[in-house]
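Visitor: The structure is given below, and queries will be raised subsequently.
The values are calculated or read from the model by the stated rules, or taken from the named source; none is laboratory data. What you are looking at is a predicted structure, and each value in this text was computed from that prediction instead of being measured. A quick note on method: Cβ atoms are made from the backbone with ideal geometry, for glycine too, and the neighbour counts reach across all protein chains shown. What goes into the accessible areas is simple: the full protein's heavy atoms, side chains included, and nothing from ligands, DNA or RNA. Shrake-Rupley method; radii C 1.70, N 1.55, O 1.52, S 1.80 Å.
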Amino acid sequence: MARDPDSGYSAMMLLGLLLGCLLSRFTESINISLQPAQNITVRIKRGNNLPPAQCYICKPNNICKDSNLEILPGMKVDYTFSCTTPERYFIMEINRTIDCSSGLCPLNITLQPSSLSGLNRTFFWHILASRNSGLKLSFSTPWLRQVHPSSTCPDLVNCKISTFVRDTSIDIGTFCRNGTVTSIKVQEKGVVALSLPSFETLVNPGFSIANRTSIQRLGIVESTFQQESLVNLLSANYPHAFPRNEKVTWKFNLPPAHAASVEFLNYTMPKCVKNEVNVEYYLPKRSLLKLDDKQHANIQNNFNFSLQNCEVDNSLPGLALNFSVTIQKSQGDTMYHLDLTREKDLVVRIGKRKTIQRRFTPVCVICKGLADCDTELVLEGGKYYRISFLCNNINSLTVTAEKEIACWDIKVCNISNVSLNIPKSLVEFPVRLETYTWKLIAPEHISTEIASKSIYLQQHVDDKPCNVTTSGFTYDIFSCTDRDQFKIGTFCPNGSIEKVQMRDNVTIIMNIPWNGNPKKLLEHDLHVSFVSFIKEECIFTVSPKTRDTVYLQTPNWDIGLPDYVSLSWSINLPKKLSGKVKFSKDKMDIICETGSAYVNIKEQGSNGLAVVRREDEQLPSPMEIYSPFWINISNCKPFIRRNKLKMQMSIIFSQVSPDLKTILIAAASAVAVVLAVIVTVCCIKRKKKQKESPVGIYDARVNTEVPRRHAIFKKGRKSNESHVYAVIDDTMIYGHLLQETNGLVPEVDVYQPFEGRMGDAPPVPPITFPNGSTREDKVEDLLAHSMKKNDIYNFCESFSRQPVENEDTSISYIEESGNGTVISA
């Protein structure tokens, strides 16, 4: 079979090309030549954690089988690799010894040999000095930044610096480029290890070596700051134990108009056999602290910081320290004053505002004086404080205050009309006051009253929300017990609520908006008194100053009124004003599981208008009232997973119309005239009777007794109690007051009027609980108590209509004739 010459030629060309590529790789040798005076040794070896052997070192006239290659001073070696990616399998270590005791220092270090590339390389400089001398390693910009030993630098270039203690290697630290560390001093002997990736072509390592006198410690790390910074630093040998009885110092150089703070992030305390661990500052005065002490802050000048170890028990974990240094713009010696000398039981907290986010976010430090600093400061009342800040933007801080007004025995303390004031120095403080809280704790069976003399309060409702821009602040008022609390509501100044009485303890939180005007706080005007116990959860007193509509809503609006809670509003109507009550919905919109819920509107007078509605009835239509009145809302226990009781209402105040006045005056005048006429007629008639009295003529034949029916019963009416009413039906007496119900008379067997003067207490209906107890039985167990028992009216079973024995049922009729004759029938 003939062979195609063209195909054979093509195969030969392809084979030659492949062999050429392989031979070119194998024959591309690397030449390393080391001078004897350089004290340099090069080692090529397999790296740790690299793939199994798939590549070897090839030397001239030698089979490619070596895994290690060592080149000593004075040697010249050519070599190559049996693979195309040797950096995957091999690393290179270049060791150089520099003896500064022989006078070679100061010395600028360069990378030698400079032609090395293709592998990950680590250059080691072993630097020696005389026994009592120190070595200084100075770094050129961009300087160094200390990192955790296990960390990897972003550019894969890192530097590790070590020294020796009693022939034991101790790591001063691991560093990346771009930092603040400008120099490191060690005693007697030091090692610098610079690791470079295979692609890095660095020529200048960026440090120099100089001789120094003895530093008498393990090392000195010097940092220079050029701007605001936050750096983390680690103790030698971290995270392992710091050498026993050794000392290391950090020196910090600050830019002008800046200050520093030191914060310990983490540390382990050794068990000292001899001496103790100390932290030493030179500010420039010497200051000695413990590891668990609060460290210095707001340091205005360059300073030194040293860590001194003790003689340790080696069987236990040793000393290790991780700390941070914050450099920020300083306000110098500027001091702000807080005078809390008159404020008993007040606690003020100054700390970081959670919502502030900035590009540079180091800690913001607050100081009492210049040295006692922390990221959060707690100040107690009764003292005078001088405050300074290490913070370039104090708007990132916030102030909160909390004051407790407590009385445990009403005989000992008298809380009456006590002003809930805010210290003026707190209002004028440069850091904004965010919240001010008053906790009011009254004795048992004593209630709390919050009143305002000037501003009065407006309740925040959807129809008329509080305008914080105008008011400057709001109040959140809570009713509190040992077990629970619920929100009475949110209020602001310039309203119509004169005072609020609450049965239990009270918490008032004043909220100041971030964009509010601090001067508005000076208009704050609330006073507290401990008053007689009330059984309602709260009683609002509404005293309108103007004819503006007042909007009200039940407490705990977001969740709903708690079960069995009763509350009242006392509406004071100024002269010549009427009030129109209007509810926001037609019904209460709840279904009671136990008891009933009521809305009760009652004029504050013994014979005033009274309107009662139950939860299953329509609420009253808008009604006009012309005298002060009560509004009471009492809750039941609604079914679970059903609506909770929420009610909103408005009261529209308007001037009484002149026409109505005229009608009332005319009616009164007419009544007076009629009464006068009746009195006159009666007087005239009586005189006439006296003048024309008839003369009686006695006739013995005539029976003078008035005829009457024979008694059916033996006992007369005067002798029994049949004329004493056991029941008075309210509908017979007050029915004319219920005409506005469109003919529907409320069920009078579920409501009992309030006991006592109607002007002093609200009309609160009774609630009976499933176990038969009333509100009074639940004083300690439920949030709400309302009903006072009323024995004036009792609804009883109907009496049997049986005749009473000897009842006098006779009827006599006597008529006087015109001539005076007596006619009997």
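Visitor: Which one is modelled with the lowest pLDDT, of the residues in the range 131-147 that are surrounded by 21 or more Cβ atoms within 10 Å (Cβ to Cβ) and either touching a helix residue (DSSP H, G or I) at 6+ places or on another chain (Cβ under 7 Å) or among the aliphatic types (A, V, I, L, M) (or both)?
Guide: The residue in question is 135.
Visitor: With the requirement that a residue be open to solvent by less than 30 Å² (accessible area, probe 1.4 Å), within 20 Å of residue 331 (Cα to Cα) and at pLDDT 90 or above, what does the range 352-396 give you?
Guide: The answer is 377, 385, 387.
Visitor: Open to solvent by 30 Å² or more (accessible area, probe 1.4 Å), of a type in the set (Val, Ile, Thr), out of contact with any Gly (no Cβ under 6 Å at 6 or more places or on another chain) and not in a loop (DSSP other than H, G, I, E, B): does that describe residue 97?
Guide: yes
Visitor: Which condition does residue 216 not pass, out of (1) of a type outside the set (A, V, I, L, M); (2) modelled with pLDDT of 95 or more; (3) at positive phi, if it passes all the others?
Guide: Tallying (1) of a type outside the set (A, V, I, L, M); (2) modelled with pLDDT of 95 or more; (3) at positive phi, residue 216 fails exactly one: (2).
Visitor: Tell me which residues, restricted to the range 145-174, are charged (D, E, K, R), within 15 Å of residue 246 (Cα to Cα) and in contact (Cβ under 8 Å) with a residue 60 or more places away in the chain.
Guide: First, the residues of the range 145-174 that are charged (D, E, K, R): 145, 155, 160, 166-167, 171.
Pick out the ones that are also within 15 Å of residue 246 (Cα to Cα) and you get 166-167, 171.
Scanning the range 145-174 gives a single hit, 171.
Visitor: Please identify the pairs in which a residue from the range 565-585 that is free of Cβ contacts under 8 Å to residues at least 60 places away in the same chain and closer than 10 Å to residue 622 by Cα has its Cβ atom under 9 Å from the Cβ atom of a residue that is of a type in the set (D, E, K, R) and part of a strand (DSSP E or B), counting only partners at least 6 apart or on another chain.
Guide: Hits for this filter: zero, empty list.
Visitor: Let me ask another. For residue 422, which of the numbered conditions (1) at pLDDT below 90; (2) touching a helix residue (DSSP H, G or I) at 6+ places or on another chain (Cβ under 7 Å) fails to hold?
Guide: It is condition (1) that residue 422 fails.
Visitor: Ok, one more. Cβ-Cβ distance below 6 Å, separation of 6 or more or different chains: which pairs start in the range 423-434 with a residue that is within 12 Å of residue 401 (Cβ to Cβ) and end on one that is open to solvent by 40 Å² or more (accessible area, probe 1.4 Å) and not in a helix (DSSP H, G or I)?
Guide: 425/339; 434/400
Visitor: Could I ask something else about it? Checking the conditions here, which among 414, 395 is within 25 Å of the chain's Cα centre (by Cα) and not in a strand (DSSP E or B)?
Guide: Every option except 395 fails the conditions.
Visitor: Additional query: Which number in (1) modelled with pLDDT under 90; (2) closer than 30 Å to residue 549 by Cα marks the one condition that residue 415 misses?
Guide: (2)
Visitor: Hey, does the range 248-263 have a residue that's of a type in the set (D, E, K, R), over 23 Å from residue 105 (Cα atoms), open to solvent by 20 Å² or more (accessible area, probe 1.4 Å) and modelled with pLDDT of 95 or more? Steps first, answer last, please.
Guide: So in the range 248-263, the residues of a type in the set (D, E, K, R) come out as 251, 263.
Then keep just the ones that are over 23 Å from residue 105 (Cα atoms); that gives 251, 263.
Still in the running and open to solvent by 20 Å² or more (accessible area, probe 1.4 Å): 251, 263.
So of that shortlist, the ones also modelled with pLDDT of 95 or more come out as 251.
There is at least one residue in the range 248-263 that is of a type in the set (D, E, K, R), over 23 Å from residue 105 (Cα atoms), open to solvent by 20 Å² or more (accessible area, probe 1.4 Å) and modelled with pLDDT of 95 or more.
Visitor: Which is more than 30 Å from residue 262 (Cα to Cα) and either in contact with a helix residue (DSSP H, G or I) (Cβ under 8 Å, 6 or more places away or on another chain) or basic (Lys, Arg) (or both), of 368, 383, 411?
Guide: That would be 411, the only listed residue that is more than 30 Å from residue 262 (Cα to Cα) and either in contact with a helix residue (DSSP H, G or I) (Cβ under 8 Å, 6 or more places away or on another chain) or basic (Lys, Arg) (or both).
Visitor: Something else about it: Of the residues in the range 544-561, how many are open to solvent by 20 Å² or more (accessible area, probe 1.4 Å) and modelled with pLDDT of 90 or more?
Guide: Of the residues in that region, 6 qualify.
Visitor: When residues of the range 577-592 are filtered for being in a loop (DSSP other than H, G, I, E, B) and β-branched (Val, Ile, Thr), how many remain?
Guide: Step one: of the range 577-592, the residues in a loop (DSSP other than H, G, I, E, B) are 584-591.
Right, trim to β-branched (Val, Ile, Thr) and you get 590-591.
Within the range 577-592, residues that are in a loop (DSSP other than H, G, I, E, B) and β-branched (Val, Ile, Thr) number 2.
Visitor: Restricting attention to the range 100-130, report how many residues are part of a strand (DSSP E or B), touching a helix residue (DSSP H, G or I) at 6+ places or on another chain (Cβ under 7 Å) and open to solvent by 10 Å² or more (accessible area, probe 1.4 Å). If you could, list the steps in order and put the result at the bottom.
Guide: First, pick out the residues of the range 100-130 that are part of a strand (DSSP E or B): 107-108, 120-128.
Right, trim to touching a helix residue (DSSP H, G or I) at 6+ places or on another chain (Cβ under 7 Å) and you get 120, 127-128.
Retained after the next criterion (residues that are open to solvent by 10 Å² or more (accessible area, probe 1.4 Å)): 120, 128.
Residues that pass the stated criteria total 2.
Visitor: Could you list, ordered by first residue, the pairs with Cβ atoms under 6 Å in which the first is in the range 641-652 and touching a residue at least 40 places away in the same chain (Cβ under 8 Å) and the second is of a type in the set (Asp, Glu) and not in a strand (DSSP E or B), at least 6 apart or interchain?
Guide: Hits for this filter: 643/589.
Visitor: Now, a different point. Any idea which of (1) modelled with pLDDT under 95; (2) open to solvent by 30 Å² or more (accessible area, probe 1.4 Å) is the one residue 512 doesn't satisfy?
Guide: For residue 512, the failing item is (2).
Visitor: To continue, here is another question. Could you list, in sequence order, all residues of the range 264-293 that are loosely packed, with under 15 Cβ neighbours inside 10 Å, part of a loop (DSSP other than H, G, I, E, B) and not polar (S, T, N, Q)?
Guide: Result: 271, 276, 284, 285, 290, 292, 293.
Visitor: From the list 236, 241, which residue is among the hydrophobic types (A, V, I, L, M, F, W, C), modelled with pLDDT of 90 or more and open to solvent by 20 Å² or more (accessible area, probe 1.4 Å)?
Guide: After ruling out the rest, the residue left standing is 241.
Visitor: Looking at the range 593-616 only, could you name the residues that are more than 27 Å from residue 573 (Cα to Cα), assigned to a strand (DSSP E or B) and open to solvent by less than 40 Å² (accessible area, probe 1.4 Å)?
Guide: Scanning the range 593-616 gives a single hit, 594.
Visitor: Within the set of pairs 6 or more residues apart or between chains, which connect a residue that is surrounded by fewer than 19 Cβ atoms within 10 Å (Cβ to Cβ) inside the range 455-472 to a residue that is in a helix (DSSP H, G or I) with Cβ atoms less than 7 Å apart?
Guide: Listed by first residue and then by second, the contacts come to 455/523.
Visitor: Among 217, 177, which is the only one that is in contact with a Pro (Cβ under 6 Å, 6 or more places away or on another chain), of a type in the set (D, E, K, R) and in contact (Cβ under 8 Å) with a residue 12 or more places away in the chain?
Guide: Exactly one of 217, 177 is in contact with a Pro (Cβ under 6 Å, 6 or more places away or on another chain), of a type in the set (D, E, K, R) and in contact (Cβ under 8 Å) with a residue 12 or more places away in the chain, namely 177.
Visitor: Quick check on residue 476: is it surrounded by fewer than 19 Cβ atoms within 10 Å (Cβ to Cβ) and in contact with a Lys or Arg (Cβ under 7 Å, 6 or more places away or on another chain)?
Guide: yes
Visitor: Here is a check on your reading of the model: is residue 496 in contact with a Pro (Cβ under 6 Å, 6 or more places away or on another chain), open to solvent by less than 10 Å² (accessible area, probe 1.4 Å) and under 24 Å from residue 648 (Cα atoms)?
Guide: No, not satisfied.
Visitor: Here is a further query. Any residue at all in the range 152-170 that is among the aromatic types (Phe, Trp, Tyr), open to solvent by 10 Å² or more (accessible area, probe 1.4 Å) and not in a strand (DSSP E or B)?
Guide: Our first condition is that a residue be among the aromatic types (Phe, Trp, Tyr); within the range 152-170, this holds for 164.
From what is left, the residues that are open to solvent by 10 Å² or more (accessible area, probe 1.4 Å) are 164.
Within this subset, residues satisfying the condition of being not in a strand (DSSP E or B) are none.
No; the residues of the range 152-170 include none that is among the aromatic types (Phe, Trp, Tyr), open to solvent by 10 Å² or more (accessible area, probe 1.4 Å) and not in a strand (DSSP E or B).
Visitor: Quick check: is even one residue across the range 525-536 assigned to a loop (DSSP other than H, G, I, E, B), among the basic types (Lys, Arg) and either over 18 Å from residue 444 (Cα atoms) or in contact (Cβ under 8 Å) with a residue 12 or more places away in the chain (or both)?
Guide: yes
Visitor: Which members of the range 208-227 meet the condition of being over 52 Å from the mean Cα position of the chain (by Cα) and either of a type in the set (Phe, Trp, Tyr) or not in a strand (DSSP E or B) (or both)? Please lay out each step first, then the result.
Guide: Filtering the range 208-227 for residues over 52 Å from the mean Cα position of the chain (by Cα) gives 208-214.
214 - this is the single residue of the range 208-227 that is over 52 Å from the mean Cα position of the chain (by Cα) and either of a type in the set (Phe, Trp, Tyr) or not in a strand (DSSP E or B) (or both).
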